[in-house]
Amino acid sequence: MGAGLHEQQFLNPLLEVNHEQVICPPATLSGVSTDPPKSLPAVPESLLPREHALYRPRHSSRQRTALTLAILFFCAPALLLVVGVRPAEFENRKLAEFPSITDGWGFFTGLNAWASDHVPLRDKAVAAANGISRGLFGEAPDLDRRQDVVGPVPTPPKDPSADRPDPTAFVDVIEGKDDWLFLGADVEGACDPVMPVAEVHARLSRLRAAVEASGRRFLLVVAPNKSTMVPGFLPSKFYGKDCFNKARDEFWQGIGKTGALDLRSRIEQTAELTKRLPYPKYDSHWTHEGSLVMARVITDTVKPGTSKDWKVEPTKVVDREGDLAPLLGRTSTDPVQSYDLAPDGRTVRNHEIPLDPKPQRFTQAPSKGVATAKVGLLGDSFAYYAAQYLVACFTDLTMVHVERLTHNAREVARALAETDVVVLEAAERLLVSGLDPVLEPQAIDIIAEELAKNPR
């Protein structure tokens, strides 16, 4: 027992809490009970006196700092949204939508794209990354463009035509000569399309047949890529150059069989007359001159000779913020000449229109230089750049963005069914890549069905 008492005297000071002793049974010895202790210390280690040998702080100053920073990191996006900061569309596309629960597993794979797109101030983060990478290291930042990647990421084969350091992937923006910028999707879509070019041509022909079967006229207008119209500013070498050139040539060689209106020569002629390039330096869309070319070609195709008395006068030069520079974390503007369009030679009829995802109808009284026709125009961003002039050209014009087909194809088809002439404007890059929503068989079937219900 002497040994036991001596051991108790040794242990007791370590278990002293608030000046009260908690007696713990001695270690197992011959002839001594080996029953486990009836209780542990009455308080946790963090509540023991600081001078106690078993004292351990629950949260040190470093732990508190780390916890505070973690809370700020994870909660900052939500707090920014609360105070009114909203994610910006700066990647030449719409922000990813919240996935639907009806998408099955696609709901989970789509969350990554939605979460990435809706981080507030992401455009500012890209700008900061660009400034740091170029300022400190003298090279473009390696921005991860993947959104919905499951499993190992395949590495594209190296393209011998590329002169970029270690070019193993496509880029968002191709940096050309004299600081000209080109949309990387022009090249990536041509090299990695969702369907062959021949299939694109076949589906456009199918759409034409469906529209014409309802007794309506069908016009197809292709808006050429910036990389197609001003190739002289492209770098001499870039990743995907060979497959891009091949797909582009194949597309334009076969598009005539679909009855499409080719604007390239008219745009070149206008550029020579105005001494202005048809595309700006920092934007992927054409200038006002290109918009006027499209408006004139469509109008004269619907009613030949309508535009012969048009009076087009240059007005102010506006600074257009390019859609390509933000993809590099920059902000750059182009001076773009705007115009007034007086179809009868006297009264200016062009005007800005509000952007609306739903079909919009514009009407005006018949007048000289204005085509008397009910026209339905299904188009992409190029058509909406030209919209301010198109509204001056027809007595009855309905416009709807082609992306609306992915949300409510029936609504789009019913709007077109109220017209006599269906015009499809499609960007070259959306057709070559096979990504234009109008190429979906289901969309074509719905359009054909609604037009057939109300034949002309």
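Expressed in whole Å with the largest first, what are the equivalent ellipsoid semi-axes of region 178-453 derived from the C-alpha gyration tensor as the square root of 5 times each eigenvalue? Listed largest to smallest, the semi-axes of region 178-453 are 28, 25, 16 Å.
With the charge dipole of region 158-277 set up from +1 on Lys and Arg Cβ and -1 on Asp and Glu Cβ about the Cα centre, the Cα lying farthest toward the positive end among the listed residues Thr258, Ala209, Cys243 is that of Ala209. Using the Karplus relation 6.51 cos²θ - 1.76 cosθ + 1.60 with θ = phi - 60°, the per-residue 3J(HN,Hα) values for region 352-367 come to 5, 10, x, 7, 8, x, 7, x, 10, 10, 10, 10, 7, 6, x, 7 Hz, with x marking Gly and Pro. Antiparallel beta bridges, as assigned by DSSP with both residues in region 178-453, represent about 40 percent of the total such bridges.
Backbone amide hydrogens, once placed in the peptide plane, bring Ala371 within less than 5 Å of Phe394, Thr395, excluding anything fewer than 5 places away on its chain. More than 15 Å apart: what percent of Cα pairs in region 375-456 qualify? The answer is 56 percent, as a whole percent. Our analysis of region 301-456 gives Rg over Rh at 1.01, with the two radii drawn from alpha carbon positions and Rh computed by the Kirkwood formula.
As a rough footprinting exposure proxy, the listed residues Ile255, Ile71 were ranked by other beta carbons within 10 Å of their own, and the order from fewest upward is Ile71, Ile255. The charge dipole of region 220-274, taken about its Cα centre with unit charges on the Cβ of Lys, Arg, Asp and Glu (plus for the first two, minus for the last two), comes to roughly 140 debye. Applying the criteria of a DSSP loop state and at most 15 other Cβ atoms within 10 Å to the GluC sites (Glu not before Pro) of region 339-431 yields Glu352, Glu418. Under a 5 Å amide H cut-off, with hydrogens placed 1.01 Å from N, Arg320 pairs with Asp334, Val336 among residues at least 5 apart or on other chains. Here region 246-341 has an Rg and Dmax of 15.8, 46 Å, counting Cα atoms alone.
In loop segments of region 229-311 as defined by DSSP, there are no chymotrypsin sites (Phe, Trp or Tyr not before Pro) with at most 14 further C-beta atoms inside 10 Å of their C-beta. For Leu219, the residues 5 or more places off, or on other chains, whose built amide H falls under 5 Å of its own are Val422, Val423, Leu424.
With distances taken between every two different alpha-carbon atoms, region 154-309 has a Kirkwood hydrodynamic radius of 17.5 Å.
The residue among Pro278, Ser291, Leu328 whose Cα reaches farthest toward the positive pole of the charge dipole of region 257-390, with charges on the beta-carbon of Lys, Arg, Asp and Glu, is Ser291. In a reduced charge model with +1 at each Lys and Arg Cβ and -1 at each Asp and Glu Cβ, region 370-456 shows a dipole moment near 180 debye about its Cα centre. Panel order for Arg248, Arg330, by other beta carbons found within 10 Å of each beta carbon, from fewest to most: Arg330, Arg248. What pairs in Lys237/Lys281; Lys257/Lys358; Lys281/Lys303 have C-alpha atoms more than 25 Å from each other? The answer is Lys257/Lys358; Lys281/Lys303. FRET efficiency for the Leu69 to Arg410 pair, using the beta carbon distance and R₀ = 45 Å, is estimated at 0.35.
Each reported figure results from applying straightforward, stated rules to the coordinates on display, with no laboratory input. No experiment lies behind these values; they were computed from the predicted model shown. Neighbour counts run over all protein chains shown; Cβ positions are idealised from the backbone, glycine included.
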